[in-house]
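Asker: Dropping a structure here in structure tokens format, bear with me for questions.
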Amino acid sequence: MRRVPSVVGGRNLKAGGLAAAMAVLIVFPLVFTNPTVTSIAVFTLLFMASATAWNVFSGYTGYVSLGHATFFGTGAYLFAIVAMRFNLSAGSSLFALVPVAGVAAMVVAVPFGLVALRTRRHTFVVITIAVFFIFQMLAFNLGITQGSSGIQVPTPNWSPWTFNNPFYYVSLGIVVFATAVSYFLRRSVLGLQLLAIREDEDRARGLGVPAGKAKLTAFVLSALPVGMAGAVYAYFLGQIFPQFAFSPLFDLSVVLMALFGGIGTIAGPLLGALLLESLQQYFTFQFSNGDLYLVIYGGLFLAVLLLLPRGVIPTVTDYLSRRRARRSSAPAARDSLTQPIGEPRTSPIAIVTGKAP
Amino acid sequence: MTVILEARGVSKRFGGIHALDGCDIEVAQGTISGLIGPNGSGKTTLFNVITGYERVREGEIRLDGRAITNMTPEAVFRLGIGRTFQLTRVFGRLSVMDNMLVASQHDASWARRAFRKAGSHGERAKALELLEFVDIARLANEPAATLSYGQRKLLEFAYVLMADPEFLLLDEPAGGINPSLINTLAERIRALNKEGRTFLVVEHNMEFVMGLCHNVTVMHHGRTLVSGDPETVRRDPRVLDAYLGGVGEDEEADGADGAGAPGAPVSDES
Ligand SMILES: Nc1ncnc2c1ncn2[C@@H]1O[C@H](COP(=O)(O)OP(=O)(O)OP(=O)(O)O)[C@@H](O)[C@H]1O
Ligand SMILES: [Mg+2]
């Protein structure tokens, strides 16, 4: 009985925190009007959405995809090609293509998943990389993508001072959408099945979990926000090239962000992307050296592996709840928003080496 | 007597090892049947073949007369065959309750239910009831990884029951369980059997098997050696031979779980 009020209080606190975070995100571009800052914010939001979507599949199932850039590129190219083919004029209405791009990414994810998900562990990782490179090659070589000369996307003639804002809010919408998917999936029948698959796939099958269908559904679902992010990226930049739309760095970044924040949690990928992408963009602007962040990324990656093998969020919340437990000597409530349920066996090392369960 | 499960001429090889070598077995509907045999005689492998974890090229498995050979584990489960593992396989990072709920999502209407909230009121109530049945309900919110080995065995037993299987295959259910709980476990199995469920139980604890089972099949070298009621099997000299031969042969391979124990009661009798 004693726990009930504290849980309700925790829930209110969480709802309050969420509302405050949303309020900050909504007024952000109105307060920080510097286009450099809002542009960094747009990229950051796109990565927050992508890392969250990646986590919906890889974080929940333990199948590490290094091929989600396929969906990003597909979304970007769908946007650019449709805009070019149909001579669409720039403006807010072009954003209507964003969900279409997300659906296109899902369509690509179906055969991709059917092939890749026949395998597990290392083989799965390798196949996702292979499929990704096939798509990059296609973008380089197909007529419709115009190869390495890329595609120009119409640019709206909005005032330079507020130019970034529509992109910012659409990206924020994708983040909210991806987070909602992640949140509701976590609580759903499918979500539970995905977590069971991560623990012991064969055992789950022996308890009637249709593992094939469950994995494919999660894979396809996780492609949706990534494809949408790709479309916004194409529109925002005004032009796309194969090596940037289908970028191996995207794959690595998304994984690193999720690892950094806490894999399998809802808040982890958001936090990881928020910190890492804004940092990266900042460095790029500061030192106008496009590759410096690679060094920083490498260093960070090692630091996370060594110091925070479970990511920031689980480590911090564990520390807090242990402290709370010590104070009140009451059992600490488990927080499914930030906790990767129970003791994790999925260390980043296990994941990158494909040994994750 | 109707036969619920039937295996005919099932053979399974791992490299040079004939884990199953033309194995035949019949389980009568509504019975508790025992499956015993020395270490390495192929009991677990037979379970794996029946439940779709191993594929075979030779032989046939029938459930209620219908061939189920080489079906997937999920399909076999949906037909009403539940199974526990010799080395427990619970979902360590999920809570005990979530472990139970994983097993309740077995219907064919998966696509309709996949996006609903996991664990309806009814399912949770049923899960709690089953956890109480095996006496671990107080651990419902703990991660399964924190359970002791015996508690995990009980959890496996409980979550298999979530889907109301007609037929249960238990691989050494008493192994690692607190001796004071073994009688309770036998009681539980009997109670479920009274409800009409059929059991096939692999177990090295002879007292447990002989006291519980209506019928016992002995396997040796991947084949059925003897089958009959516990008394007949106990008296059969071939069984003793198998175990005596088996003890020396298998001691170095697997001394850990209850080797020695199987031999003793049998030799006492004859
Ligand atoms: N996956 C496998 N790969 C190779 N050999 C295997 C495999 N599974 C079983 N075997 C071998 O097949 C034989 C039968 O093993 P099985 O596990 O079925 O015996 P068992 O009767 O269950 O023994 P125990 O009483 O020790 O559990 C053994 O020699 C075992 O080493
Ligand atoms: Mg065995």
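Asker: Identify the single condition in (1) within 20 Å of the chain's Cα centre (by Cα); (2) open to solvent by less than 60 Å² (accessible area, probe 1.4 Å) that A:Tyr169 does not satisfy, given that it satisfies every other one.
Answerer: (2)
Asker: To continue, here is another question. Filter segment B:33-50 down to residues that are within 8 Å of ligand 2 (Cβ to nearest atom) and within 14 Å of another protein chain (Cβ to nearest Cβ) and give me whichever is nearest to B:Leu200 (Cα to Cα).
Answerer: Checking each candidate, the answer is B:Phe47.
Asker: Now, a different point. When the residues of segment B:1-32 are narrowed to those that are open to solvent by 30 Å² or more (accessible area, probe 1.4 Å) and of a type in the set (A, V, I, L, M, F, W, C), which ends up nearest to ligand 1 (Cβ to nearest atom)?
Answerer: Within segment B:1-32, the match that is nearest to ligand 1 (Cβ to nearest atom) is B:Phe14.
Asker: Also: Within segment B:78-90, does at least one residue satisfy the condition of being part of a strand (DSSP E or B), within 15 Å of ligand 1 (Cβ to nearest atom) and closer than 22 Å to A:Ala211 by Cβ?
Answerer: Residues of segment B:78-90 that are part of a strand (DSSP E or B), as a first pass: B:81-83.
When the remaining residues are screened for being within 15 Å of ligand 1 (Cβ to nearest atom), the result is B:83.
Those left that are additionally closer than 22 Å to A:Ala211 by Cβ: B:83.
Among the residues of segment B:78-90, at least one is part of a strand (DSSP E or B), within 15 Å of ligand 1 (Cβ to nearest atom) and closer than 22 Å to A:Ala211 by Cβ, which makes the answer yes.
Asker: Okay, next question. Check B:Pro173, B:Pro165 and return the single one that is within 14 Å of chain A (Cβ to nearest Cβ) and either surrounded by 14 or more Cβ atoms within 10 Å (Cβ to Cβ) or outside any loop (DSSP other than H, G, I, E, B) (or both). Explain how you work it out, then say what you get.
Answerer: Numbers: B:Pro173 fails: within 14 Å of chain A (Cβ to nearest Cβ).
Of B:Pro173, B:Pro165, the one residue that is within 14 Å of chain A (Cβ to nearest Cβ) and either surrounded by 14 or more Cβ atoms within 10 Å (Cβ to Cβ) or outside any loop (DSSP other than H, G, I, E, B) (or both) is B:Pro165.
Asker: OK, next. Residues in segment A:177-201 that are within 7 Å of chain B (Cβ to nearest Cβ) and either assigned to a helix (DSSP H, G or I) or surrounded by 23 or more Cβ atoms within 10 Å (Cβ to Cβ) (or both): how many? Before you say what the answer is, go through the steps one by one.
Answerer: First pass over segment A:177-201, keeping only residues within 7 Å of chain B (Cβ to nearest Cβ): A:187-193, A:195-196, A:199-200.
Filter again for either assigned to a helix (DSSP H, G or I) or surrounded by 23 or more Cβ atoms within 10 Å (Cβ to Cβ) (or both), leaving A:187, A:189-193, A:195-196, A:199-200.
The number of residues fulfilling the criteria is 10.
Asker: Only one of these is within 14 Å of chain B (Cβ to nearest Cβ) and either under 16 Å from A:Trp54 (Cβ atoms) or open to solvent by less than 30 Å² (accessible area, probe 1.4 Å) (or both): A:Gly206, A:Gly238. Name it.
Answerer: One residue alone meets the criteria, A:Gly206.
Asker: Collect the residues in segment A:284-326 that are charged (D, E, K, R), part of a helix (DSSP H, G or I) and closer than 14 Å to A:Gly262 by Cα, keeping them in residue-number order. Before you say what the answer is, go through the steps one by one.
Answerer: At the first step, the residues of segment A:284-326 found to be charged (D, E, K, R) are A:291, A:310, A:318, A:322-324, A:326.
Next, only the ones that are part of a helix (DSSP H, G or I) stay: A:318, A:322-324, A:326.
Matches in segment A:284-326: A:Asp318 only.
Asker: Just the residues that are without any contact (Cβ under 8 Å) to a residue 24 or more places away in the chain and away from every other protein chain (no Cβ under 14 Å), please, taken from segment B:129-147. Full working, then the answer.
Answerer: Quick first cut of segment B:129-147, residues without any contact (Cβ under 8 Å) to a residue 24 or more places away in the chain only: B:129, B:132, B:137-138, B:146.
Of everything in segment B:129-147, those that are without any contact (Cβ under 8 Å) to a residue 24 or more places away in the chain and away from every other protein chain (no Cβ under 14 Å) turn out to be B:Glu129, B:Glu132, B:Ala137.
Asker: Quick one: in segment B:139-162, of everything that is surrounded by fewer than 22 Cβ atoms within 10 Å (Cβ to Cβ) and not aliphatic (A, V, I, L, M), which residue is nearest to ligand 2 (Cβ to nearest atom)?
Answerer: Ranking the candidates gives B:Tyr149 first.
Asker: Go through segment A:241-259 and count every residue that is among the hydrophobic types (A, V, I, L, M, F, W, C), open to solvent by 30 Å² or more (accessible area, probe 1.4 Å) and not in a loop (DSSP other than H, G, I, E, B).
Answerer: Going through segment A:241-259, the residues among the hydrophobic types (A, V, I, L, M, F, W, C) turn out to be A:241, A:244-246, A:249-250, A:252, A:254-259.
Now drop any that are not open to solvent by 30 Å² or more (accessible area, probe 1.4 Å), which leaves A:241, A:244, A:249, A:252.
Next cut, not in a loop (DSSP other than H, G, I, E, B) only: A:244, A:249, A:252.
So the answer is 3.
Asker: Only residues in segment B:33-45 that are assigned to a strand (DSSP E or B) and more than 6 Å from ligand 1 (Cβ to nearest atom) count as the first member; pair them with residues that are of a type in the set (Lys, Arg) and open to solvent by 10 Å² or more (accessible area, probe 1.4 Å), Cβ under 8 angstrom, at least 6 apart or cross-chain, and list the lot.
Answerer: Listed by first residue and then by second, the contacts come to B:Leu35/B:Lys43; B:Ile36/B:Lys43.
The values are calculated or read from the model by the stated rules, or taken from the named source; none is laboratory data. The shown structure was predicted, so the numbers you read here are calculated from the model rather than taken from an experiment. Cβ atoms come from the backbone with ideal geometry, glycine included; neighbour counts cover every protein chain shown. Accessible surface is based on the protein model in full, side chains and every heavy atom, while ligands, DNA and RNA are left aside. Shrake-Rupley method; radii C 1.70, N 1.55, O 1.52, S 1.80 Å.
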